[in-house]
Amino acid sequence: MTTAPEATRTLALTIDGARVEVPAGATVLDAILAGGSHVPHLCKDDDQEPLGACRTCLVEVEGVRGFPASCYLAATDGMAVRTRGEALDRVRTNVLDLTLGMVEPGGRGASALAGEAERYGVGGRFAARAERHLDDSTPAFSLNLADCILCGRCVQGCQDVQHIGAIAVLGGGEAAHIGTHLDEPLVDSICTSCGTCVSVCPTQALSPKPEPAPVAQEVSTTCGYCGVGCGVGLQIDADGRLGWVEDRPDNPSSQGMLCVKGRFGLTFVQHEDRLTTPLIRRNGVLEEATWDEALDLVADKLVEHRGSFAALASAKATNEDAYVLQKFVRGLMGTNSIDHCTRLCHSPSVEAMLMQLGSGATSNSYEDYDNAGCLMVVGSDTSSNHPVIASRLRRAIDERGAQLIVVNPKRIELCDYATYFLQPQPGTDVALFNGLAKVVLDEALVDEAFVRDRTRDFEAFAASLEEYTPERVEEITGVPADDIRGAARLYARPPFSGSCVLWGMGVTQHTCGTDNAHALVNLALMTGQMGKPGSGVSPLRGQNNVQGCGDAGCIPDNLPGYQGLGDTNRAKFEAGWGVELPSEQGLRATEMFELAAEGGLRAMYVTGENPLLSEPYIAHAEEAIERLDFLVVQDIFPNETTAHADVVLPATSFAEKDGTFTNSERRVQRVRKAIAPVGQSRPDWEITADLARRVAKRLELSQSQFAWTDASEVFDEMASLTPILGGISYGRLEGAGIQWPCPTPDHPGTPRLYGETFSVGRAPFVAVEQGPPAAELPNRRFPLILNTGRVLYHWHGGTITTRARVLNERMPELPVAIHPRDAAKADIEDGGDVEVLSRRGQLTGKAVVTDAVQPGSIFVPFARLGEFSANYLTNAVYDPKSRIPEYKVCAVRIAKPGAPDTWRRGRGSGRGGRRGG
Amino acid sequence: MTTSAASRYRALEALPRERTSMLPALHAIAEADGWVSPEGLAAVSRHLRVPNSELYGIARSYNELRFEPPGGTPIEVCTGLSCRLAGADALAEDIRASGDSTVEVREVACRFRCAEGPVVSVAHRYIAPADASTALTAAEPRRRRRTHAKRTVRRVRRAEVRRLMAHLGAPSDLESVRVRGAYAGLDAARAMTGEAATEVVAASGLRGRGGAYFPTGVKWQSARAFEGPRYLVVNAEEGEPGVFKDRTLLERDPHLVVEGLLIATHAIEAERCFVYLNGEADAAASALSSAIDEASAAGLLGGTDVEVRRGAGGYVCGEESVILSSIEGERAVPRLKPPLPVERGLWGRPTVINNVETLANLPSIFLDGVESFRSVGTAEQPGTKLISLSGAVARPGLYEVPLGTTLRAVLEDLGGGGRGGHEIRAVVAGGPSGGLLPPSRFDVALLGGSLDPGGAALGAGGIVAIDDSMPLLEIVRHLAAYNAAESCGKCTPCREGTPRMRNLLGEIASGEAPADALELLDALDEAMSSASLCGLGQMAALPYRSARTHFLEVLTGGMR
């Protein structure tokens, strides 16, 4: 290791006669760099273990024979090191000359080595033998072996950092080269284009496409894609254009890792399709308008519809954006009808966890995944949706021997690492989790002390498991009884440390979503896998700020910081905000559309959400939106919902504003402005505050409640009213961010919840029963189950990622994963077109014939690629407890386009819009 | 996986799903398919949960593994130096000239039967000496039977002191060896503490016989200074051309080695022991495995877990840190030192790596005592050394001599001088990591460390006598080419330096070398020797340097 823990002693040595102090554990190379001397170090990455391959960091050490490489030579007290010397220079020059002989003269590699070559007077002594192979197959970057010096840093990045293993050094001696499995093109390999290799390559043999312009500045901020919360360094050129995205090793959540979306997918921020001016619908057409025109119109209309109004906040926007919006909705519009996309992803998790544990947030830190002995990943294709967490999971498995249990109806990438892969029939999760619990109970694996001291209602729960024997559960779920036993034992008694359970939409997006979550929490409680290092429960948050959006109060049943709507809390906020607040719970997102469809809701303010792509059964949602009197949409791109708006307000992306995001481990992190706002776009909170002042004026209320001058003032106000964030301010967020709860300015934050207590007292067990697997099951006419979800290269609806060149080129068409048996039946070939039809609509996609899906199931991502999206097909039925739609199961059939379809007769065409059937 | 693949790879599926099963897994699929096929790799990737490119990179680091289906029955013709001196080049030509399309002639590096050349192997079976007709016969489908090699061990000569070789040729089953006192040394060692046993070995002055001659007792003491669990790794890779001593011991007296490794295990208090054995040494492997089984059945292992691992080629696999990487299932490339294996070896635990011959010395040290051990050899380097003598001598074979014996005694008293009455013009001592010695240096005493400023070294004890049947320049080029082919490719000086050295020597031979060829070769020598990561690179220039020191005229003849 090149870094020593804090508070270790320092040691002193001399480098070229000058005294240098370094912490114990430092290498001689560290000391050389600390002392301002120079040696080349082509294969040594600042943040990684030394490779010792380039042999250019050689030094002389008094009393030591030869020229050791300084990158892995431990510094010792009193050591006398020289970086120059006649023989040393001669050897180094020859090694550099051999290195230069590997690259094509005049190429990128030669240019990268030119500085060292000049410094040591190196010049073409040995005949060049550059490899001439160029792999240009991926849209993200190219690999040109003519510029490669085989330092091995890219392989270290791919294998030891990301644990992907898509590239390797192949062969030995002069035949050694960087390549893939069987030397296939990168695009056909398991490479995910995360770009780690590109970022570490010292000679630009791996270089991004197109080559970025010179960097004028780099701004450290937080990635705006998923809930992992990776640190990104946005590199901006002299013209203010975003170029390369650097990873941030100092970010504790991502530890220097990024995925393809963070690395190559942020170019959307300056895409030509960005909304640049406010738009007002005149005579049915959206026309450009001034901010004053637009905001005055919106203010007039919203005042008019006060009492029949609801708003959708954006989990992509900042905490500050969210806080200001909910303050506007509650304080001025007089309603708690504000919600966001959590309704469509983790509302069941939040529902279950709030009831049983007192908080809907992930209980542990990512660090606990690193330390766990058993990792159970349920209904989450982590490699696609939280790629950096997947890397941490693979690292825990590879390096520490953690055991992995995957529960998923689809075979996912992580299955390659799993000890147990449980593949239940869709909709049978309650039975499976109860089955696991039954094994724990029967085999005396219950954590008796935890259950006794920390929980209640165990007996009733235990009694409810009676029917769920492994054999019975095998009949229901299709998972072999022995695997159920093995997985239960592993989770309850991991080989070391604790067990973490991570889950995604596969648990929640069912009509029994909340029951699924209860069943998982029960399992964690009965085994005591909670509150101790290496354990915990983690609903992996999808959007970058879905945690923060809820924290900031954009939910219909809580004020900021999950403070309920009771009198005391309301009084506190009323005092702070100087207005009277509504006490009645507001509408949840899915209820808003139902009420709108019935005509009970007249106006909506939608910010950074695209319900006409994300709601189930889009045709139905479209009708609901059409019935509104007034719709204002605030977003960065035109989308399916802006197309129906009366006013469109252009907001800035995360790259153009200051603020904070809160990630899936409750870490509040800074978002910093890196580029100028595109066109006339403005940060969401500024737009909302401007609108609020106009509304306040019309209502003859004080405008001073919406008069912040910058984002940090917004945060401070939120922190002052929100105990879990009370100790956090921008000043404290300069470093690693802070994990809430953080009640006071001297509180370090909370990496792990529930170590000692639950806020609900004793955590209750909640007995749940397996019901019908889904609301809509296959029949003769619709014989297949459609499962929806996400893919690595696209983000949710695809509005953003289809505007990021690299991502769109990696996956331009909608893939439909079909089991070979079902494909053969329908005469569908891999790579060919396929039609998918449900009772509600149809789509055409590209067939991916794979046994990763079970026979009888197909998988379609819900991104809209080309003309189509999975939500044309999905079923608008809901979990009664959380009101989440059942995205994960509906009945469909597939057909080859143009093939005679006995069921098609007499039916119209079109992408959707037909009811019933 | 298809059903047929599942049954084909049954041996793979039986292996633990851990990375350490890597090389056994690759052997299993290579055995099943006759090559490392994409289907086999996919099965390994799945079974061991290793990403496919990473796996492919690991597999491709072993040069005995084949990545193309064989184009016929492979006939492997050894083209090690000793076999070339015995006519291997012509043999390969003759087999090719037969026009038999059912066979595929592969010229391979040393097959370690150097005293019996020219050597041919068909499906791990050896014909030595071979001619085209016996080679082709051996490759006929129904004729692929075990062909017995000629004896390497000859009768005892005057200059010899046979300790390790005392019982070679006698029955080697457990019952027989116990009659002659085997495992009594182990009993003696076990009667004392591990620490005391380590002190005995330190007092004996025993040094490592793999080539470095590091004091064994000191190595053990160092490892003991670090918290356990500790491991013992027996280096039985013996991948140096011209050396065949460890194989011979393992084939003919495996219990001697088992007893030695059990003594070492006791002394360092090791938890597990791995024997890393050359992938070609099937006879040694089966003899050793039987001996371990016998010892285990007789309760001699004392709870020690002894596991035999097979290598898959590569001179660098004899480098001790490469063995560690290989056992762990990583690419066969050297690790950075420090830390030394005694501090952080296998899976980061203190690990002692000892050569087979070193361990074979232990039983007599404990049975007959330190004084007896020190009664031969020199004060600094007591004991005997096994010498693998091959090339142009009358009596090639394996001999055991006191350390300090002169090279001349080995060549003349044991080897009987040049074969066919020809003069010995030079010897190669230390193989491709050593160099040439001229007759004027034949009176040098054979001891560990450098024998000669030119580069020759005793090393593992391989001595190849050279007559006028091959040009000296070609011998130097041959050794340089071997080092280039065996470079693992990890570090720049070796990967880039060795092929350039080979090319320049080739250009000298063909009269096409640039005028400053010697200057370039000297620069390469210095860069490779001073800057390479491991011993292979650091010593890869020695054949050149020795030629430049003693036979300058053969190098300067070819300048433009």
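The values are calculated or read from the model by the stated rules, or taken from the named source; none is laboratory data. All figures in this text were calculated on a predicted structure; none of them were measured in a lab. All Cβ positions, glycine included, derive from the backbone under ideal geometry; neighbour counts span all protein chains shown.
Being surrounded by 13 or more Cβ atoms within 10 Å (Cβ to Cβ), more than 14 Å from chain B (Cβ to nearest Cβ) and part of a loop (DSSP other than H, G, I, E, B) holds for only one residue in A:E104, A:E131, and it is A:E104.
Report whether or not A:L51 is at the interface with chain B (Cβ under 9 Å from one of its Cβ atoms), under 40 Å from the mean Cα position of the chain (by Cα) and not charged (D, E, K, R). Answer is yes for this residue. Considering A:T428, A:T362, the condition of being of a type in the set (V, I, T) and touching a Pro at 6+ places or on another chain (Cβ under 6 Å) is satisfied by A:T428 alone. Confirm whether B:K385 is within 14 Å of chain A (Cβ to nearest Cβ) and either of a type in the set (G, A, S) or not in a helix (DSSP H, G or I) (or both). No, not satisfied. Just wondering, is there one or more residues in segment A:236-243 that are surrounded by fewer than 23 Cβ atoms within 10 Å (Cβ to Cβ), in contact (Cβ under 8 Å) with a residue 40 or more places away in the chain, within 23 Å of the chain's Cα centre (by Cα) and closer than 30 Å to A:G542 by Cα? Yes: segment A:236-243 contains one or more residues that are surrounded by fewer than 23 Cβ atoms within 10 Å (Cβ to Cβ), in contact (Cβ under 8 Å) with a residue 40 or more places away in the chain, within 23 Å of the chain's Cα centre (by Cα) and closer than 30 Å to A:G542 by Cα.
Listed by first and then second residue, the pairs linking a residue in segment B:454-480 that is on the phi > 0 side of the Ramachandran plot to a residue that is among the β-branched types (V, I, T), with Cβ atoms under 7 Å apart and 6 or more places separating them unless they lie on different chains, are B:G461/B:V243; B:G461/B:I387. Among residues of segment A:569-583 that are closer than 19 Å to A:G307 by Cα, those with a beta-carbon under 8 Å from a residue that is modelled with pLDDT of 95 or more and among the β-branched types (V, I, T) at least six positions away or on a different chain give the pairs A:P582/A:T335. A single entry from B:A527, B:A509, B:A541 fulfils the requirement of being among the small types (G, A, S), more than 8 Å from chain A (Cβ to nearest Cβ) and within 21 Å of A:V122 (Cβ to Cβ): B:A541.
Of the strands (runs of 3 or more DSSP E) lying entirely inside segment B:222-338, those containing at least 3 residues that are over 29 Å from B:A457 (Cα atoms) span B:270-277, B:305-310.
With respect to the stated conditions, A:S349 fails to be in a loop (DSSP other than H, G, I, E, B) and surrounded by 24 or more Cβ atoms within 10 Å (Cβ to Cβ). Looking only at segment A:690-718, filter to residues that are under 30 Å from the mean Cα position of the chain (by Cα), buried (at least 23 other Cβ atoms within 10 Å of the Cβ) and of a type outside the set (F, W, Y); which one of those is farthest from A:D292 (Cα to Cα)? The qualifying residue farthest from A:D292 (Cα to Cα) is A:M718. In this entry, A:S712 is excluded by the filter for residues that are part of a helix (DSSP H, G or I), out of contact with any Ser or Thr (no Cβ under 9 Å at 6 or more places or on another chain) and not aromatic (F, W, Y). Yes or no: segment A:351-361 includes at least one residue that is under 18 Å from the mean Cα position of the chain (by Cα) and over 18 Å from A:W503 (Cα atoms). No, segment A:351-361 has no match at all. The residue list B:G181, B:G194, B:G228, B:G208 contains one member that is more than 27 Å from B:I323 (Cβ to Cβ) and in contact (Cβ under 8 Å) with a residue 60 or more places away in the chain, which is B:G181. Residue count for segment B:390-423 satisfying the condition of being part of a strand (DSSP E or B), closer than 25 Å to B:R374 by Cβ, in contact with a Lys or Arg (Cβ under 9 Å, 6 or more places away or on another chain) and not hydrophobic (A, V, I, L, M, F, W, C): 3.
The rows are residues; the columns are (1) in contact with a strand residue (DSSP E or B) (Cβ under 8 Å, 6 or more places away or on another chain); (2) in a loop (DSSP other than H, G, I, E, B); (3) surrounded by fewer than 17 Cβ atoms within 10 Å (Cβ to Cβ); (4) in contact (Cβ under 8 Å) with a residue 60 or more places away in the chain.
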site: A:V228; (1), (2), (3), (4): no, yes, no, yes
site: A:S253; (1), (2), (3), (4): yes, yes, no, yes
site: A:L258; (1), (2), (3), (4): yes, yes, no, yes
site: A:E287; (1), (2), (3), (4): yes, no, yes, no
site: A:K301; (1), (2), (3), (4): yes, no, no, yes
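Restricting A:G165, A:G224 to residues that are within 13 Å of another protein chain (Cβ to nearest Cβ), closer than 30 Å to A:E367 by Cβ and not β-branched (V, I, T) narrows the list to A:G165. Residues in segment A:787-819 that are farther than 12 Å from A:F862 by Cβ and among the hydrophobic types (A, V, I, L, M, F, W, C): A:L792, A:I800, A:A804, A:V806, A:L807, A:M811, A:V816, A:A817, A:I818.
Within segment B:225-243, being over 8 Å from the mean Cα position of the chain (by Cα) and either of a type in the set (A, V, I, L, M, F, W, C) or surrounded by fewer than 19 Cβ atoms within 10 Å (Cβ to Cβ) (or both) holds for B:A225, B:F226, B:E227, B:G228, B:P229, B:L232, B:V233, B:V234. Residue check: B:V77 meets all listed conditions (1) in contact (Cβ under 8 Å) with a residue 60 or more places away in the chain; (2) under 28 Å from B:E474 (Cα atoms); (3) of a type in the set (A, V, I, L, M) but one, namely (1).
From the list A:G109, A:G124, which one is over 29 Å from A:E62 (Cβ atoms), within 14 Å of another protein chain (Cβ to nearest Cβ), part of a loop (DSSP other than H, G, I, E, B) and not polar (S, T, N, Q)?
Exactly one residue qualifies, and that residue is A:G124.
Among the residues of this structure, A:L88 does not count as one that is within 30 Å of A:E809 (Cα to Cα), modelled with pLDDT of 95 or more and within 13 Å of chain B (Cβ to nearest Cβ).
Of all residues in segment A:751-766, count the ones that are assigned to a loop (DSSP other than H, G, I, E, B), surrounded by fewer than 17 Cβ atoms within 10 Å (Cβ to Cβ) and not acidic (D, E). Show your work before the answer.
Within segment A:751-766, the first condition is being assigned to a loop (DSSP other than H, G, I, E, B), and the residues that meet it are A:751-757, A:759-760, A:762, A:765-766.
With the extra rule that they be surrounded by fewer than 17 Cβ atoms within 10 Å (Cβ to Cβ), the set shrinks to A:755-757, A:759-760, A:762.
Then drop every residue that is not not acidic (D, E), which leaves A:755, A:757, A:759-760, A:762.
Total satisfying the criteria: 5.
Only one of the numbered conditions (1) in contact with a Ser or Thr (Cβ under 9 Å, 6 or more places away or on another chain); (2) of a type in the set (A, V, I, L, M, F, W, C); (3) touching a residue at least 40 places away in the same chain (Cβ under 8 Å); (4) under 24 Å from A:G165 (Cβ atoms) is violated by B:L15, and that is (3). All conditions but one from (1) part of a helix (DSSP H, G or I); (2) among the polar types (S, T, N, Q); (3) more than 23 Å from A:N544 (Cβ to Cβ) apply to A:S391; the one that does not is (3).
Out of (1) within 24 Å of A:L96 (Cβ to Cβ); (2) over 22 Å from the mean Cα position of the chain (by Cα), what's the single condition that is false for B:S487? Of the numbered conditions (1) within 24 Å of A:L96 (Cβ to Cβ); (2) over 22 Å from the mean Cα position of the chain (by Cα), the odd one out for B:S487 is (2). Hey, does segment A:395-410 have a residue that's among the small types (G, A, S), out of contact with any Leu (no Cβ under 6 Å at 6 or more places or on another chain) and within 30 Å of A:F264 (Cβ to Cβ)? Yes; the residues of segment A:395-410 include at least one that is among the small types (G, A, S), out of contact with any Leu (no Cβ under 6 Å at 6 or more places or on another chain) and within 30 Å of A:F264 (Cβ to Cβ).
Among the residues of segment B:22-45, the ones that are surrounded by 18 or more Cβ atoms within 10 Å (Cβ to Cβ), in a helix (DSSP H, G or I) and within 14 Å of chain A (Cβ to nearest Cβ) come to 6 in all.
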